[in-house]
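Readers should treat all values here as calculations from the given coordinates under stated rules, not as data from a laboratory. Fair warning: this is a prediction, and the values are worked out from it, not measured in the lab. Cβ placement follows ideal geometry from the backbone for every residue including glycine, while neighbour counts extend to all protein chains displayed.
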Amino acid sequence: MLTELLDMAGVAVFAISGALAAARARQTIVTFAFFAAVTGVGGGTLRDLLIGAPVFWVGRSDYLGVSLVAAAAVWLIRAERWPLAALLWFDAIGMAAYAVIGADKALGYGLPALPAIVMGVLTASFGGIIRDVLAGEPSILLRPEIYVSAAALGATVHVGAVFLGAPLPLAAGLGVAAGFTLRALAIARGLKLPGYGRD
Amino acid sequence: MLTELLDMAGVAVFAISGALAAARARQTIVTFAFFAAVTGVGGGTLRDLLIGAPVFWVGRSDYLGVSLVAAAAVWLIRAERWPLAALLWFDAIGMAAYAVIGADKALGYGLPALPAIVMGVLTASFGGIIRDVLAGEPSILLRPEIYVSAAALGATVHVGAVFLGAPLPLAAGLGVAAGFTLRALAIARGLKLPGYGRD
Amino acid sequence: MLTELLDMAGVAVFAISGALAAARARQTIVTFAFFAAVTGVGGGTLRDLLIGAPVFWVGRSDYLGVSLVAAAAVWLIRAERWPLAALLWFDAIGMAAYAVIGADKALGYGLPALPAIVMGVLTASFGGIIRDVLAGEPSILLRPEIYVSAAALGATVHVGAVFLGAPLPLAAGLGVAAGFTLRALAIARGLKLPGYGRD
């Protein structure tokens, strides 16, 4: 129940970031809807295909519906008026939650620790990667800003805590907190990773 | 039987559009074959992966064969001599048919209306999206010209008619006609969607 | 056993090429790891999704582990000191082996000859395609240099030999030799394919 709510909130936050990318590119309402849906459900879709699970949004209407409502909201409310900081912080919460949800679902399908962590990272980042490739922008992967690293930290802490025997809510809470904190330092303090040959 | 013929015609038409993209980029025969196959079967492949169906072209040779013949035909006949209008109209028929075929297959797998419509849109448009990303061209998604919207309309009309109890041939005919008509208006009259912040 | 070793060597070689692409783009350690993993396992992942097999690296840690070690090695040893020729030749071996392994796995799942050959080509080339799209570089598909053609030749020779009744090691050896030889001619002699309208 809490998982479903978190899941839905994550789809909504990522869908909004996709619609905002469409707004920045002065796109049409159809592109808004497509970018919102792809960014909202993209990461979880790849995870489910890879672990052999039924794709989570396919048999139901609510996940797609949330994405379409997010796209319509961004279209109707002028993006110029949205505080970018609010989006970054919502996105940070969504990313941290998704990294843990993705890794946990992978553990539930019997994956070992390393692939489960990778699934958490993919769930948290793949939607944004597809969005950037489709929009012809440089992928978030190519930016030095810490993002994927925060997802990896969150998923690792969660999987590690589960393997150490922590109860699920504690493990998930620690994972979300770790991923969110690292991402928050990147947003608030400009924490970056050094590029190759530049250190 | 009719479905198989429509399906094969759709693969052929989309494969030709992929090969023409390779011709525009002055590519080699191998790129022709790859672009033709990806564009021809790409949309249906994504649909089948998402709904958990066996991928339609994998267990047989005819769909790939049709794509390769299309690539060879475009290579052998100089593209400069092809009337572009003919391609656009063939492509419009293929798009409208694919949107309905994709949505109908999704309904057959028990999907609710909204995801079924999305599957129709993906089947009709994803091949072209991959083609454009691979070729480094702006995706059809980013153009204001009505394309994805026409696929969405066709799939929606078909799914709506099925839910209202219409017999399959009628529902499919209405869906194809609706999608084709909207796309035809875009080709013949330059019908476009307004971009964000430009209206 | 030999197959597993070849498979692991192929993942390692492709992972190194992914990490080297990250090094060329002056990327961070996280991008190194991501590019290495995507390039290392990408082709086999697409193949497994398409033929309905469990994705080969998901239930275990070793394939991802090899990719991460490859990324760390490229990060720690300065890429400027690596002889590019060595990479090209290793990559040629990996490509030839992967084309045969991919086609052979597809035959084992009951695919006819043409789709099996396509699976060999995808296994050998898709990792590099995703890597190039993510890095914003022109895809290997768009270069006139012979690469995909060599994979197609290797897969075709293998499948042809199997259909003619050759024992598996002979068929695989012929396929790898054919693919490697054609690629070697491209590397050593600059063998290229003519572009459309340029011949």
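Structure remark: mean-square fluctuation, Gaussian network model of chain B, C-alpha springs under 10 Å; the largest value among B:GLY18, B:GLY40, B:GLY173 belongs to B:GLY173. With R₀ set to 35 Å, the beta-carbon distance separating A:ARG26 from B:ARG26 gives a calculated FRET efficiency near 0.70. The packing ranking, built from the mean of other Cβ atoms within 10 Å per residue, places the peptides A:166-172, C:105-111 in the order C:105-111, A:166-172, highest first. Per residue of chain A, the DSSP helices (runs of n ≥ 4 H) give a summed -39500 (n - 2.57) that works out to -25500 deg cm²/dmol at 222 nm. Segment A:96-147 and segment A:20-53 have Cα centres lying 14 Å from one another.
For segment C:10-22, backbone phi angles converted through the Karplus equation (6.51, -1.76, 1.60; θ = phi - 60°) give residue-by-residue couplings of x, 4, 4, 5, 5, 4, 4, 5, x, 5, 5, 5, 5 Hz, Gly and Pro being listed as x. Where the label is 7 Å out from Cα toward Cβ, how close does B:PRO194 come to the same position in every other copy, in nm, shortest first? Those separations, rounded to one decimal, come out as 5.2, 5.2 nm.
For the Cα atoms of chain A, what angle does the longest principal axis make with the long axis of helix A:168-189, in degrees from 0 to 90, nearest 10? Rounded to the nearest ten degrees, it is 50.
Coupling constants for segment A:89-95 follow from the phi torsions by the Karplus curve (6.51 cos²θ - 1.76 cosθ + 1.60, θ = phi - 60°), and in residue order they are 6, 4, 4, 5, 5, x, 4 Hz; glycine and proline get x. Expressed as a rounded percentage, what relative contact order does segment A:2-189 have, with Cα pairs under 8 Å and six or more residues apart? Here the relative contact order equals 24 percent. How big is D, in µm² s⁻¹, for segment B:1-115 by Stokes-Einstein at 4 °C and 1.567 mPa s if Rh is the Kirkwood radius over C-alpha pairs? Using the Kirkwood radius from Cα pairs, D works out to 89 µm²/s.
Inter-chain Cβ neighbour count for B:21-30, averaged per residue, equals 6 (cutoff 10 Å, partner chain atoms only).
Legend: mean number of C-beta atoms from other chains within 10 angstrom of residue C-beta atoms, peptide C:33-40, equals 3. Take C:GLY52, move 7 Å from Cα toward the beta carbon, and the resulting point lies 1.4, 1.4 nm from the same point in each other copy, nearest first. The order of A:TYR196, B:TYR63, going from fewest to most other C-beta atoms within 10 Å of their C-beta, is A:TYR196, B:TYR63.
What Kirkwood hydrodynamic radius, in Å, does chain A give when the mean of 1/r is taken over all pairs of distinct Cα atoms and then inverted? In chain A this quantity evaluates to 16.8 Å. For segment C:24-30, the Karplus equation 6.51 cos²θ - 1.76 cosθ + 1.60, evaluated at θ = phi - 60°, returns couplings of 4, 8, 6, 8, 8, 4, 5 Hz by residue, with Gly and Pro reported as x. With label points defined 7 Å past Cα in the direction of Cβ, position C:PRO167 shows copy-to-copy spacings of 6.2, 6.2 nm, given to one decimal and shortest first. Normalised by 2.2 N^0.38 Å, where N is the number of residues, the alpha-carbon radius of gyration of segment C:82-133 equals 1.29. Dividing the radius of gyration of the alpha carbons in the protein assembly as shown by their Kirkwood radius gives 0.96 for Rg/Rh. Counting Cβ atoms of other protein chains within 10 Å of each residue's Cβ and taking the mean over peptide B:41-53 gives 3. For the peptides C:149-157, A:8-16, residues were scored by their other Cβ atoms within 10 Å and the scores averaged per peptide; the highest-first order is C:149-157, A:8-16.
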